[in-house]
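Working notes for the structure below.
The values are calculated or read from the model by the stated rules, or taken from the named source; none is laboratory data. Bear in mind that the values here come from a model prediction, so they are computed numbers and not experimental data. Glycine also receives a Cβ, built like all others from the backbone with ideal geometry; neighbour counts cover every protein chain displayed.
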Amino acid sequence: MNLSLKRAQTISALKEHMGRVIVVSNRLPVSASYDADKDNWTFTMSSGGLVAGLEGVKKKLPFLWIGWTGQVIPKEQQKKFEEQLLAQHNCIPVYLDEKVAEEFYNGFSNGVLWPLFHYLLEESGSSYREHLWKSYLTANQAFADVVSKTMRATDLVWVHDYHLMKLPEMLRKMQPAVRLGFFLHIPFPTSEIYQIIPVRNALLQGVLNCDMIGFHTYDYARHFITACSRLLGCETTPAGVHYEGKFIPLVISPVGIDPDKFENELRTDAVQKIIGDFQTSFKDKKVFLAVDRLDYIKGIPHRLRAFQLMLETYPEWRGKAILIQVAVPSRTEVEQYKKLKIEVETLVGHINGEYGDLDYQPIHYLFKSTPFPELCALYRISDAALVTSIRDGMNLVAQEYIACQNEKHGILILSEFAGSASSLSGAYLVNPWNTHALADAMHDAITMTDEEKKGRFDVLSKYIHTHTACNWGESFIKDLDRVSKASALINKTPKLTVDLIQEKYLAAKKRLIVLCTDGALIAYASLPFLASPSRKLTDVLHRLSKDEHNIVYISSGRDRNTLQQWFGNLPVGLAAEHGFFFRPVVDETSANEGGNPLMGSGALTTVDDNGWYFPGHIDLSWKGRIVPILTHFTERTPGSFFEEKETCLTWHYRSTDRETSFGEFRAQELRNVLDNTTTPAQVIMCERSVEVRPFECSQANMLKKIMTRHPEHDMVIYIGEPTNLDFDQQPQVIDCGVGKKGQGYFLPDTTEVLRFLEKLADNPLSS
Ligand SMILES: O=P(O)(O)OC[C@H]1O[C@H](O[C@H]2O[C@H](CO)[C@@H](O)[C@H](O)[C@H]2O)[C@H](O)[C@@H](O)[C@@H]1O
Ligand SMILES: O=c1ccn([C@@H]2O[C@H](COP(=O)(O)OP(=O)(O)O)[C@@H](O)[C@H]2O)c(=O)[nH]1
């Protein structure tokens, strides 16, 4: 079976369980014009990666596109406009008030985010203003209102780009189980630059409400991970970010083009005619081509200066080499773009004045959009393309040029700072800031041997035919579908509140309350001995345990001495080293008589002076084999250390460098080594630690032991790490995770756990 057929079947198969794909982008993929005489709208499809990327998906799955019209549609024409747009293009418009649109699009999106995300501090200048941010929020809310009106639980909502970074959060609030993806088309800058934006946290939090986030390159994803870790303090791995109890995977998915569209266009008679005309006009000339929106990220002045230097350094090209610069008007209302236009036109005039004559014009400058047939013909006839952006999320022109070079094998001179440089091996990479190197690259490109040109072209051509826009769109949708199916369950996890369980709580005659220490009752500290229970916590535990309907247990991976010291004086049960050591509650009102809690389990048991029970004989000789391995990893991993308890060994990497995720990397390595070391013990990956412990030690065993010991209980409240026990058929069990969703209920952090317990203890009807 060929690959494209296989793909077609898989994406279509999503239809069986999925609703619609709803794409949300700043602009709709069409521009509209109105014929008042006929009361009729006509729409023209736009070009670009996103439009091409969704062509395949649109044909195979129910599809809807929501976006801003980019123009004012008078009220009285809106109904007709919406009907036609939906019927002809499956699009729904978002209308923005003119002032909001100006401040959201020109002001915040293109005045603040765009320059900063492209590392241009000067262009960004002091452009951040509170009212621009407010309009950004208002516009994102306007999008959220339109999307939420139509979205259903089974739909996949795919949000695009920097204009809509708050939208995912708004949608998540409106419909917690919605399946959401986000793709950033522009670079995500290093956190050193990103942290300049006053609303840096709010933007990150906005997109972290998605189930999956996509970037063009690994660098952009890496920068995003670092920003989340540094600014929000999120746990991260090289694969994604933990946020509010959920893991959000990041995907690296460089967008492609539809090469067939260009190849087919080149075959038409109309384009062949244009090619012929161009070849006559530029006979005996070497043609460099540059096609960009007139944007300061595209490095147009840098390129013009390099072209000028090439003519100066290699005089043999004077009169023989030309540069066709297509500059498509863009964001013409924004001050920096107006300035750039003047700068570019002055430079063009200057170079043409200096090197041109009546028969020769070095630079052909076009400040206009080029119709598609002309664009393809220009791509086809030129000897080299100059894609020399000083930063660019991806750059599709680079790929479009290759699609049209099947015969000529022209050279793609490509900036190292364009996202496409990560994928387009075969391109001639340059640093656009190095004018000399760029001028030399131009000379090299037009003097290169045919053999080298063909070699480079073959690699590039293979890439653009395998990494097409269509594959990009389909694979994102498939990944998002898979990831969000799993996280839909997680998103539904309710936050535990007293109100939610009040009725059950008051009706229960005997409640077991089992609480874990680290990560649930007590926040993690850099070193275990720095964490300890607060006075507030011991007070509330005391109050809860005084209620005759409650039996309270504290469960921990800590050793028995620490638990004894912290909670020994409270009338609570204790389980140390994950239940290996057990100090039961003696409950006078119940059937249990406070005897040996391990009796009947077949294990020989011992009891110490503080009333702790534990198995008498257990083989712990394996610890001697594990200690040298942990010592080895500790010595080679700065910031890590290990802890030896009576039964367990724990290697902690909490203080290792989070930015590089070196600790996580080492933890995986350690796990592999331990998995291959024979011991009668289990290896558990915990919260920034790896633990080796006897099979007897587990949260599940511990909880089962407590429940068995107090059989008269009619309610259980468990707060702590997952036990993986199935409580689906036991509604009397409230199973609550902390910081991570996925159990029956969820509390975000230790502060909220304390707040919950205080409220529970305050319960007026509790005796
Ligand atoms: O709609 P405009 O404001 O005129 O801007 C045009 C588009 O520019 C940006 O393109 C980015 O996405 C491309 C495809 O992924 C990528 O190749 C390029 O490098 C990026 O700059 C912008 O992200 C789009 O939203 C704009 O529509
Ligand atoms: O007159 C033109 C010249 C180019 N393009 C298209 O504009 C897109 C530019 O995309 P790119 O990723 O290179 O940069 P962006 O403009 O999105 O920053 C390409 O698909 C070009 O074919 C266009 O629509 N009109």
The one condition R230 fails out of (1) buried (at least 20 other Cβ atoms within 10 Å of the Cβ); (2) more than 21 Å from V24 (Cβ to Cβ); (3) of a type in the set (K, R) is (1)
Scan the range 705-720 and tell me whether some residue there is of a type in the set (K, R), free of Cβ contacts under 8 Å to residues at least 40 places away in the same chain and under 16 Å from I513 (Cα atoms). no
Filter result for Q405 (under 31 Å from the mean Cα position of the chain (by Cα), more than 21 Å from A439 (Cα to Cα) and crowded, with 19+ Cβ neighbours inside 10 Å)
no
In the range 658-690, residues that are closer than 23 Å to C736 by Cβ and surrounded by 21 or more Cβ atoms within 10 Å (Cβ to Cβ) total 1
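Out of the strands (runs of 3 or more DSSP E) lying entirely within the range 521-613, which hold 2 or more residues that are modelled with pLDDT under 90 and outside the structural domain of F642 (by TED's automatic domain parsing)?
605-607
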Please determine whether any residue of the range 420-429 is away from ligand 1 (no atom under 16 Å from the Cβ), out of contact with any Asp or Glu (no Cβ under 7 Å at 6 or more places or on another chain), more than 24 Å from H118 (Cβ to Cβ) and not hydroxyl-bearing (S, T, Y).
yes
Do we have H242 as surrounded by fewer than 21 Cβ atoms within 10 Å (Cβ to Cβ), under 23 Å from D481 (Cα atoms) and in contact (Cβ under 8 Å) with a residue 24 or more places away in the chain here? yes
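Per-residue answers, yes or no, for (1) assigned to a helix (DSSP H, G or I); (2) among the small types (G, A, S):
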{"position": "Q205", "(1), (2)": "yes, no"}
{"position": "A227", "(1), (2)": "yes, yes"}
{"position": "H242", "(1), (2)": "no, no"}
{"position": "V255", "(1), (2)": "no, no"}
{"position": "V271", "(1), (2)": "yes, no"}
Flagged in the range 263-302 as within 15 Å of ligand 2 (Cβ to nearest atom) and either among the acidic types (D, E) or outside the structural domain of M442 (by TED's automatic domain parsing) (or both), in numbering order, are E263, E265, D292, D295
For the range 337-357, pairs from a residue that is surrounded by 13 or more Cβ atoms within 10 Å (Cβ to Cβ) to a residue that is in a helix (DSSP H, G or I) and modelled with pLDDT under 95, with Cβ under 9 Å and 6 or more apart or across chains, are Y337/N110
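Restricting the search to the range 388-404, which residues are near ligand 1 (Cβ under 10 Å from one of its atoms) and in contact with a strand residue (DSSP E or B) (Cβ under 6 Å, 6 or more places away or on another chain)?
Narrowing the range 388-404 to residues near ligand 1 (Cβ under 10 Å from one of its atoms): 389, 391-399.
Within the range 388-404, S389, D392, N395, V397, A398 meet the criteria.
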S124 meets each of (1) within 14 Å of ligand 1 (Cβ to nearest atom); (2) surrounded by 20 or more Cβ atoms within 10 Å (Cβ to Cβ); (3) of a type in the set (S, T, N, Q) with one exception, condition (1)
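Do we have F727 as under 30 Å from H549 (Cα atoms) and buried (at least 18 other Cβ atoms within 10 Å of the Cβ) here?
Spelling it out, it is not the case that F727 is under 30 Å from H549 (Cα atoms) and buried (at least 18 other Cβ atoms within 10 Å of the Cβ).
If only one of E192, E263 is surrounded by fewer than 19 Cβ atoms within 10 Å (Cβ to Cβ), over 10 Å from the mean Cα position of the chain (by Cα) and either at pLDDT below 95 or closer than 25 Å to R391 by Cα (or both), which one is it?
E192
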Scanning the range 351-380 for residues that are near ligand 2 (Cβ under 10 Å from one of its atoms) and part of a strand (DSSP E or B) gives L366
Inside the range 14-36, the number of residues satisfying the requirement of being more than 16 Å from ligand 2 (Cβ to nearest atom) and of a type in the set (K, R) is 2
- Message: Given the criteria of a type in the set (A, V, I, L, M), modelled with pLDDT of 95 or more and outside the structural domain of A576 (by TED's automatic domain parsing), does A488 qualify?
- Response: no
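Scan A445, A469 and give me the residue that is away from ligand 1 (no atom under 16 Å from the Cβ) and not acidic (D, E). Break it down into steps so the answer makes sense when it comes.
Numbers: A469 fails: away from ligand 1 (no atom under 16 Å from the Cβ).
On inspection, the qualifying residue turns out to be A445.
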Reported set for the range 266-278 where residues are crowded, with 19+ Cβ neighbours inside 10 Å and not aliphatic (A, V, I, L, M) is none
Scanning the range 144-189 residue by residue, those at pLDDT below 95 and within 15 Å of the chain's Cα centre (by Cα) turn out to be R179
Considering residues that are within 16 Å of ligand 1 (Cβ to nearest atom) and within 14 Å of R305 (Cα to Cα), the number found within the range 350-372 is 0
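Kindly establish whether A439 is of a type in the set (G, A, S) and in contact with a strand residue (DSSP E or B) (Cβ under 6 Å, 6 or more places away or on another chain). Before the answer, list the steps.
Details: of a type in the set (G, A, S): yes; in contact with a strand residue (DSSP E or B) (Cβ under 6 Å, 6 or more places away or on another chain): no.
Against the criterion (of a type in the set (G, A, S) and in contact with a strand residue (DSSP E or B) (Cβ under 6 Å, 6 or more places away or on another chain)), A439 does not qualify.
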Of (1) without any contact (Cβ under 8 Å) to a residue 24 or more places away in the chain; (2) in contact with a strand residue (DSSP E or B) (Cβ under 7 Å, 6 or more places away or on another chain); (3) within 16 Å of ligand 1 (Cβ to nearest atom), G299 satisfies every one except (1)
Pairing a residue in the range 674-693 that is free of Cβ contacts under 8 Å to residues at least 40 places away in the same chain with any residue that is assigned to a strand (DSSP E or B) and among the basic types (K, R), where Cβ atoms lie under 9 Å and the two sit 6 or more apart in sequence or on different chains, gives Q682/R693; V683/R693; I684/R693
Residue pairs within 6 Å by beta carbon, gap of at least six or interchain, first lying in the range 275-294 and touching a residue at least 60 places away in the same chain (Cβ under 8 Å) and under 19 Å from A327 (Cβ atoms), second within 16 Å of ligand 2 (Cβ to nearest atom) and β-branched (V, I, T), listed first then second, are F278/I381; L289/I324; V291/V326; V291/V397
The number of residues in the range 178-203 that are in a loop (DSSP other than H, G, I, E, B) and closer than 20 Å to E123 by Cβ is 12
Among I73, I22, the single one that is assigned by TED's automatic domain parsing to the domain that holds D155, assigned to a loop (DSSP other than H, G, I, E, B) and modelled with pLDDT of 90 or more is I73
Out of (1) within 16 Å of ligand 2 (Cβ to nearest atom); (2) more than 26 Å from P115 (Cβ to Cβ), the one K341 does not meet is (2)
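Would you please name the residue that is farthest from the chain's Cα centre (by Cα), looking only at residues in the range 318-336 that are of a type in the set (A, V, I, L, M, F, W, C) and crowded, with 17+ Cβ neighbours inside 10 Å? Before the answer, list the steps.
So the first thing to find is which residues in the range 318-336 are of a type in the set (A, V, I, L, M, F, W, C), and the list is 321-324, 326-328, 334.
Checking which are crowded, with 17+ Cβ neighbours inside 10 Å leaves us with 321-324, 326-327, 334.
Values: A321: 45, I322: 43, L323: 39, I324: 38, V326: 34, A327: 33, V334: 29 Å.
Restricting to residues being of a type in the set (A, V, I, L, M, F, W, C) and crowded, with 17+ Cβ neighbours inside 10 Å, the top hit is A321.
So if I check each of G299, G256, G276, G245, which one is of a type in the set (G, A, S) and within 19 Å of the chain's Cα centre (by Cα)? Full working, then the answer.
Numbers: G299 fails: within 19 Å of the chain's Cα centre (by Cα); G256 fails: within 19 Å of the chain's Cα centre (by Cα); G276 fails: within 19 Å of the chain's Cα centre (by Cα).
Only one candidate qualifies: G245.
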